[in-house]
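The values are calculated or read from the model by the stated rules, or taken from the named source; none is laboratory data. On a predicted model such as this, the values are computed, not experimentally measured, just so you know. Ideal geometry is used to build each Cβ from the backbone, glycine not excepted, and the neighbour counts take in all protein chains shown.
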Amino acid sequence: MAALIMTCLQLSKLNTMKPLKLSLQYSLIAAFFSMMSCTVFADSIRLATTTSTYNSGLMEYLLGHYAQVSDTEVQVISVGTGKALKMAENGDVDLVMTHAPAAEARFVAQGFGIEAQSVMYNDFVLVGPQDDDAKVRQVHTVTEGLSRIAKLNKRFISRGDDSGTHKKELQLWKHLGAAPTFDGYLESGRGMGHSLQMASEMSAYTMTDRGTWLALKDKLQLRLVLESDPKLLNPYQVMLVNPARHPHVNINSARRFSLWLISPEGQKAIGSFRIHGEVLFVPSAK
Amino acid sequence: MYNLWTTFSAALAQLWSGDPLLWGIVAVSFSVSASALLIALLPALTTGFMLAYFRFPGRWAAISVLNSLLAVPTVVVGLVLYMLLSRAGPLGDLNLLFTRPAMIIGQILLCFPLLVAMSLSAFQAADHRVLETAKTLGASPWQAFVTLLFEVRFALLAAVVTAFGRIIAEVGSAMMVGGNILHHTRNITTAIALETGKGEFVQGVALGIVLLTLALVLNISLGWMQSHSRVLRHGD
Amino acid sequence: MRLELNNLCQSFGDGPLFTIEHLQLSSGDAVHLHGPNGAGKSTLMKIMAGLQKPTSGQVELTPTAKESVLQQAVIYLHQHTYLFDMDVRSNVEYGLRIRREKSPQKVNQALLWAGLEHMQFRQAHVLSGGERQRLALARALVLDPALILLDEPTSNLDAESVARIEQMLQDLHRRGTGFVLSCHQDNALTKLCNQHWLLASGTLTVQA
């Protein structure tokens, strides 16, 4: 709006204004806006993390605690695990927290990340339509549950976005022998929240992390159909971007935050985070 | 389930209460888009003027490229800019990725072709006697250009309004190069994308109302400007 | 002030439009430029006013030969006047604003002279044909030019308007302002002229 008003003002005065004066005013205004745009902070780090930790509210909760002991501002970018690791690989962030053990191992082995620490775990659950017409609730292992859905050709929403959840789901299908090819298997290509909403609208099954499920379940016409299979455990690791590859990273502040996450205080904060009275993430630092 | 009306009224209440988080996000949108527009405006108008009034080799190629750029999706602009600004990219040392200046650059790239194309057609539609009349009455080339800007001001304002509408409503580039960081690069559109993903429809709707109101105001003023410039043309 | 054209050659497309070896014009002159359509009358006048560069040749204004001076000393008026999208008074003020000169008296005088003072705050685009032509003259007069070039000033004007323009040109002539008038037929205005130029078949002939 300001731009519009300024433009009107300038145009109306144009004929009397000196060209130099005009361009000077112009650049002053532009400079003013650019200055407004860059707020200066003493110290900040960038953390790429998954939607499951951000959308559940955990990160905000933890950062509230961290702000009491540190002046470092933690800027959170929440994306899928694949993209988070890619950002770290390119050196666009200072540290990552993700949940895809195989991809993380590769990430460290290739020298992109250092000091991988396990922070916490939560678990995945299978959710489905209220009537559970594939009767997944009658079985106790995720392998059986998924095979029922596939055999009966029920709708199943996959994230399909190379996120940690997607990687995990593909790994589970692998136990069944082959990649899922039944007609009801649909890829949303979107985050967990969107995928859950799609499943709800389409009366489909889907696999979700417990955190997002608890945060959203009141707004969904879905029910939990399978949980507590050890195969569904979902471990989170924090890793620092290797300063040998990217010397510009704020390694000291990133390391301080990473160490805080696995410190007794950080772990206690993780354990005390609850949604609807339920613990979402179990601290797991050794 | 979601009751449309309760969500809508809760959204209005949240806006009315002056929720600082919400209005902070709105402020990010406005400051980023206004900066982008201000920076792009004069170069774009000059380019449009050159294309309208000068014949040079490559002019048609330039116009074709420009018109093609109009059709480029915002995410593609975001992707290209992301790859340029990434630490692994050629401009990584500028340390701009995930900052507001990066979003501003993205929006400049998005509104520049639009501003050039619309000002080009405004200049082409302008009376060819404007420049001659100004010059014969003593105007320098720059003063004549400024006079021309004044004569086609309604068409140019329409271009500015359209460009502002495009960039403030775009999500692709802002999400890619801004990173949707709270208090820094979270603007109206990236916040809507995030909040709906979290199932927080109230805030999404509240921000949507802001955008919708803006679109309404912009379109009404655009209609007014267009009718006004038509009246003038009939009068001539 | 003297305006001189030397070895002027103007081409149009592939062929030449006209060539003029030498032509001279002084501030007091009143010239009627005539000739068939398409002979290049408008082009010649725009060249004289410095709005257009000739294909070759020189346009010289003595004693001061700077182009900026040329542009203000010689003013070209289009056949159909372009009025800026402002009110009548602002149109008259335009050239003074360009010079960063503030003189309301000059503007008032010019408006009075053109008989437009009662409508000076009206938007210019509502003016009639005769009023537009008078405004164009007033807009030129405030700049006190040495020479005014009028391109078909009477086309589509009624007799009364032509009479008023005639009156104004007489005033200009008395003040010592020269003018060149292009008309392809004789009328009340051309009687004011003391020189007649014929531009036809690529050459300019000065007639008695």
Selection status of residue B:134, over 21 Å from the mean Cα position of the chain (by Cα) and assigned to a helix (DSSP H, G or I): yes
Matching residues in the range C:161-208 - criterion: being crowded, with 20+ Cβ neighbours inside 10 Å and more than 16 Å from the chain's Cα centre (by Cα): C:199, C:204
Residue match in the range B:48-58 (condition: more than 11 Å from chain A (Cβ to nearest Cβ) and under 30 Å from residue A:79 (Cα atoms)): no
Any hit, the range A:250-263, residues being under 19 Å from residue A:101 (Cα atoms), in contact with an Asp or Glu (Cβ under 7 Å, 6 or more places away or on another chain) and hydrophobic (A, V, I, L, M, F, W, C): no
Qualifying residue in the range C:83-103 (condition: out of contact with any Pro (no Cβ under 9 Å at 6 or more places or on another chain) and away from every other protein chain (no Cβ under 14 Å)): yes
Test: residue B:155 is hydrophobic (A, V, I, L, M, F, W, C), within 14 Å of chain C (Cβ to nearest Cβ) and under 30 Å from residue B:75 (Cα atoms): yes
The lone exception for residue A:144 - which of (1) in a helix (DSSP H, G or I); (2) among the charged types (D, E, K, R); (3) surrounded by 18 or more Cβ atoms within 10 Å (Cβ to Cβ) it fails: (3)
Within the range A:209-225, considering residues that are crowded, with 21+ Cβ neighbours inside 10 Å and part of a helix (DSSP H, G or I), the one nearest to the other protein chains (Cβ to nearest Cβ): A:216
Selection count, the range C:104-146, where residues are more than 14 Å from chain B (Cβ to nearest Cβ), assigned to a helix (DSSP H, G or I) and aliphatic (A, V, I, L, M): 3
Residue satisfying condition, being away from chain B (no Cβ under 14 Å) and either within 22 Å of the chain's Cα centre (by Cα) or without any contact (Cβ under 8 Å) to a residue 60 or more places away in the chain (or both), within set A:200, A:258, A:228: A:258
Identity of the residue in the range A:268-283, touching a strand residue (DSSP E or B) at 6+ places or on another chain (Cβ under 8 Å) and in a strand (DSSP E or B), that ends up nearest to residue A:218 (Cα to Cα): A:282
Subset of the range A:187-197 that is out of contact with any His (no Cβ under 7 Å at 6 or more places or on another chain) and not in a helix (DSSP H, G or I) - its residue that is farthest from the other protein chains (Cβ to nearest Cβ): A:187
Matching residues, the range A:79-92, being surrounded by 23 or more Cβ atoms within 10 Å (Cβ to Cβ), modelled with pLDDT of 90 or more and closer than 26 Å to residue A:208 by Cα: A:84, A:85, A:87, A:88
Residue selected from the range B:159-201 under the condition surrounded by fewer than 23 Cβ atoms within 10 Å (Cβ to Cβ) and among the small types (Gly, Ala, Ser), by the criterion nearest to the other protein chains (Cβ to nearest Cβ): B:199
Helices (runs of 4 or more DSSP H) enclosed by the range B:9-113 - at least 2 residues per element that are among the small types (Gly, Ala, Ser): B:20-53, B:59-70
Sole residue being closer than 30 Å to residue A:218 by Cα and either more than 16 Å from the chain's Cα centre (by Cα) or within 14 Å of another protein chain (Cβ to nearest Cβ) (or both), chosen from A:132, A:123: A:132
Yes/no for residue A:48 being within 10 Å of chain B (Cβ to nearest Cβ) and either under 14 Å from residue A:164 (Cβ atoms) or surrounded by 24 or more Cβ atoms within 10 Å (Cβ to Cβ) (or both): yes
Close pairs (6 angstrom Cβ cut-off, 6 or more residues apart or separate chains): on the phi > 0 side of the Ramachandran plot in the range A:158-171, small (Gly, Ala, Ser) and assigned to a helix (DSSP H, G or I) anywhere: A:162/A:82
Residue check for residue A:104: among the charged types (D, E, K, R), crowded, with 22+ Cβ neighbours inside 10 Å and in the same structural domain as residue A:255 (by TED's automatic domain parsing): yes
